[in-house]
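S.K.: Please read through the structure below; I'll follow up with questions.
The values are calculated or read from the model by the stated rules, or taken from the named source; none is laboratory data. Predicted model, so just to flag it, every value in this text is computed and none were measured. Virtual Cβ from ideal backbone geometry, glycine too; neighbours counted across all protein chains shown. Heavy atoms of the whole protein, side chains included, go into the accessibility calculation; ligands, DNA and RNA do not. Shrake-Rupley method; radii C 1.70, N 1.55, O 1.52, S 1.80 Å.
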Amino acid sequence: MKKVSKTKIAHVYATALYEASLESNSVEKVKVDVAKLQELLNENNDFADYLENPLWSQKDKYEVLQKTSKLLSLRSETLNCLDVVVENGRISDLKLILNGFEKIYNCKNNVVKVSVETVKKLSSSQNAKLKKVMENMLGKQVEIDYVLNPKILGGLRVQCGSKMFDNSLASKLNYLENVMKGK
């Protein structure tokens, strides 16, 4: 029997969730649900570890997800997907499924995700200007994830896919140091 990768399996669930939300005309609301779940999994390692741990029963995981979905006010489409994922023993792939949904959403809606490293949080006007510049440059809607990184000393480090624009003070100082050393 041919073994199927976790990524391909996660893509099937992500596609099913996207199509279900499309049928019920709730894609934007399900995207919000997905973002809530991604944030929970990224910020709470214990929760993610619990869902991935095979020692806990599917019934226990199902109950935890039911309670979590009520706390997060998740839509029925999202909850139905979670139920199927638990039922089929794929809850350990939840992060992959959520990331897959996000990729499908971004592709279908001409959205690109950009990571921006800064020393401090940008003001709302700076954020708006950066977003506008990035959208004009990329020709797509931009969704920015900010990362506070004091090591860059100042400026910005922007990453979009495999492309990086590094206008950080740390990078400029490093360049000057290399020039002075003759490298």
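S.K.: What about GLY155, is it surrounded by 13 or more Cβ atoms within 10 Å (Cβ to Cβ), of a type in the set (Gly, Ala, Ser) and modelled with pLDDT under 90? Break it down stepwise before answering.
M.R.: Working: surrounded by 13 or more Cβ atoms within 10 Å (Cβ to Cβ): yes; of a type in the set (Gly, Ala, Ser): yes; modelled with pLDDT under 90: yes.
When the stated conditions are applied, GLY155 passes them.
S.K.: Looking only at region 109-151, how many residues end up being in a helix (DSSP H, G or I), touching a strand residue (DSSP E or B) at 6+ places or on another chain (Cβ under 6 Å) and either open to solvent by less than 40 Å² (accessible area, probe 1.4 Å) or in contact (Cβ under 8 Å) with a residue 60 or more places away in the chain (or both)? Break it down into steps so the answer makes sense when it comes.
M.R.: Step one: filter region 109-151 for residues in a helix (DSSP H, G or I), giving 124-138, 150-151.
Now drop any that are not touching a strand residue (DSSP E or B) at 6+ places or on another chain (Cβ under 6 Å), which leaves 131, 134-135, 138.
If we keep only those that are either open to solvent by less than 40 Å² (accessible area, probe 1.4 Å) or in contact (Cβ under 8 Å) with a residue 60 or more places away in the chain (or both) as well, we get 134.
Matching residues across region 109-151 total 1.
S.K.: If we keep just the residues of region 16-52 that are farther than 26 Å from VAL147 by Cα and without any contact (Cβ under 8 Å) to a residue 12 or more places away in the chain, which is surrounded by the fewest Cβ atoms within 10 Å (Cβ to Cβ)? Step through it out loud before you land on a result.
M.R.: Filtering region 16-52 down to residues farther than 26 Å from VAL147 by Cα leaves 16-27, 50-52.
Checking which are without any contact (Cβ under 8 Å) to a residue 12 or more places away in the chain leaves us with 19, 22-23, 25.
Details: GLU19: 13, LEU22: 13, GLU23: 10, ASN25: 8.
Step by step, filter region 16-52, then rank; the result is ASN25.
S.K.: Looking at region 160-177, is at least one residue within 25 Å of VAL34 (Cβ to Cβ) and in contact (Cβ under 8 Å) with a residue 12 or more places away in the chain?
M.R.: Scanning region 160-177, I find at least one residue that is within 25 Å of VAL34 (Cβ to Cβ) and in contact (Cβ under 8 Å) with a residue 12 or more places away in the chain, so the answer is yes.
S.K.: Under the condition of being under 17 Å from ILE97 (Cβ atoms) and at pLDDT 85 or above, which residue from region 37-48 is nearest to the chain's Cα centre (by Cα)?
M.R.: Per the criteria, the residue is GLN38.
S.K.: Looking at (1) under 16 Å from PHE101 (Cα atoms); (2) out of contact with any helix residue (DSSP H, G or I) (no Cβ under 7 Å at 6 or more places or on another chain); (3) assigned to a helix (DSSP H, G or I), find the lone condition where ASN25 falls short.
M.R.: Answer for ASN25: the failing condition is (3).
S.K.: Still on this structure: Condition first: more than 12 Å from VAL112 (Cα to Cα), open to solvent by less than 80 Å² (accessible area, probe 1.4 Å) and not in a helix (DSSP H, G or I). Now tell me which residues in region 158-179 satisfy that.
M.R.: Passing the criteria: VAL158, ASP166, ASN167, SER168.
S.K.: Here is a follow-up. Only residues that are open to solvent by 40 Å² or more (accessible area, probe 1.4 Å), touching a residue at least 60 places away in the same chain (Cβ under 8 Å) and under 14 Å from THR7 (Cα atoms): list them for region 53-102, please.
M.R.: ARG90, LEU96, ASN99 - these are the residues of region 53-102 that are open to solvent by 40 Å² or more (accessible area, probe 1.4 Å), touching a residue at least 60 places away in the same chain (Cβ under 8 Å) and under 14 Å from THR7 (Cα atoms).
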